[in-house]
Amino acid sequence: VEMPLKRVILIRPGETDWNLQGRMQGWVAAPINEYGRVQVQRLASFLRHIGVVELYSSDLRRARDTARVLADVIGREPTFDARLRERHIGYWQGLNVPEIHGWYYDEHEQLVKDPENDRSPGGESRSQVGKRVGECVDEIMEKWSSPEEPVTIAIVAHTEAIRLMIEHLLPDTDLSEAIFGNSGVTTLAWDVDSDGWQLVMMDDSKHLEGLESRHMA
């Protein structure tokens, strides 16, 4: 099988104040903060030189902020898609982990027992997120199934969405516990010998040149 897509670059948004405070964001319209903007500007300088032909992004505020900074540098207008959103966590939005454990103990225990199908009150299950993310990825792959030469695309998404995108393209991979830092870059490349995707680099932050890429425990 020939795959004209050469690389898919998955990008987590720059830091927000809620990231720094350890608060769960879900679909909240949290903007990236000044530290996050510097992270993304450094990432943009890196992406400028690798020939990204298309930029896709979640339509949540922190992803939109990130995509627009990248777009200004690489010269590609973002395509926003709600299917690339983070997992909706319902009533848990805005809470930190100790608050969730304390106020929603039974619900959290049930989620731990069945992480794929259970959901937080008012939120989505992991399998629901996987379905919408998978549909979006399949459409992107279909669009780029016949360019004249191999190309690189970039997708700005969120921790759970990125995990599920990788698992969709690499079905034998389980990244349910994988960590992705703010503005971290994960790269998939098409391997001609195996006719399949390969995970080349996960949560790379070398572009930050010493800036910390933080993530919630």
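Can you list the HN-Hα couplings for segment 52-69, worked out from phi with the Karplus curve (6.51, -1.76, 1.60; θ = phi - 60°), rounded to whole Hz and with x for Gly and Pro?
6, 9, 8, 10, 9, 7, 4, 9, 5, 3, 5, 6, 4, 4, 5, 4, 5, 5
Can you tell me the dipole magnitude for the chain around its Cα centre, using point charges on the Cβ only (Lys, Arg +1; Asp, Glu -1), in Debye to the nearest 20? Can you show the working numbers first?
On the way: 24 positive and 37 negative charges, 164 e Å.
I would put it at about 780 debye.
Taking the Cα centre of segment 119-163 as origin, sum charge times position over the Cβ atoms of Lys and Arg (+1) and Asp and Glu (-1), and report the length of that vector in debye to the nearest 20.
The calculated dipole for segment 119-163 is roughly 400 debye.
Find, among the GluC sites (Glu not before Pro) in segment 1-90, those assigned to loop by DSSP (not H, G, I, E, B) with at most 12 other beta-carbon atoms within 10 angstrom.
Sites meeting the loop and neighbour criteria: Glu2.
Might you tell me the accessible area per residue for segment 88-217, computed with a 1.4 Å probe and given in Å²? Walk me through the numbers before you get to the answer.
Values: 6800 Å² over 130 residues.
On a per-residue basis, 52 Å².
Based on Cβ point charges of +1 for Lys and Arg and -1 for Asp and Glu, what charge dipole magnitude is obtained for segment 96-217 about its Cα centre, in debye rounded to the nearest 20?
On the way: 9 positive and 26 negative charges, 72 e Å.
Here the size comes out at about 340 debye.
Helix-derived [θ] at 222 nm for the chain: sum -39500 (n - 2.57) over DSSP H runs of at least 4, divide by residue count, nearest 500?
Working: 7 runs with 78 residues, N = 217.
Helices in the chain give a 222 nm mean residue ellipticity of -11000 deg cm²/dmol.
So for the chain, taking the charge dipole from beta-carbon charges (+1 Lys/Arg, -1 Asp/Glu), which of Gly26, Trp144, Gly130 sits furthest toward the positive end?
Going by the Cα projections, it comes out as Gly26.
Could you pull out every one of the aspartates and glutamates with an alpha carbon less than 18 Å from that of Lys206, ignoring same-chain neighbours closer than 8 positions?
Those aspartates and glutamates meeting the cut-off are Glu15.
State the answer as a single residue: which of Gly102, Ala82, Thr66 lies farthest towards the positive end of the charge dipole of segment 1-142, with beta carbon charges of +1 for Lys and Arg and -1 for Asp and Glu, about the Cα centre.
Value: Thr66.
I want the local charge near Gln110. Using Cβ-Cβ distances under 10 Å, sum +1 for each Lys or Arg and -1 for each Asp or Glu among the other residues.
Neighbour charge sum, excluding Gln110 itself: -3.
List the residues whose amide H sits under 5 Å from the amide H of Asp203, counting only those 5 or more places along or on another chain, with H placed 1.01 Å from N in the peptide plane.
Val185, Thr186, Thr187
With a cut-off of at most 15 other beta carbons within 10 Å, and DSSP calling the residue loop, which GluC sites (Glu not before Pro) in segment 131-200 qualify? Please list them.
Glu148, Glu177
What are the ³J(HN,Hα) values, in whole Hz, obtained from phi via the Karplus relation 6.51 cos²θ - 1.76 cosθ + 1.60 with θ = phi - 60°, for each residue of segment 25-33 in sequence order, with x given for Gly and Pro?
9, x, 9, 4, 7, 8, x, 5, 8
The values are calculated or read from the model by the stated rules, or taken from the named source; none is laboratory data. Not measured: the values here are computed from a predicted model. Glycine gets a Cβ as well: all are built from the backbone with ideal geometry, and neighbour counts include every protein chain shown. Side chains are part of the model used for accessible areas, which takes the heavy atoms of the whole protein and leaves out ligands, DNA and RNA. Shrake-Rupley method; radii C 1.70, N 1.55, O 1.52, S 1.80 Å.
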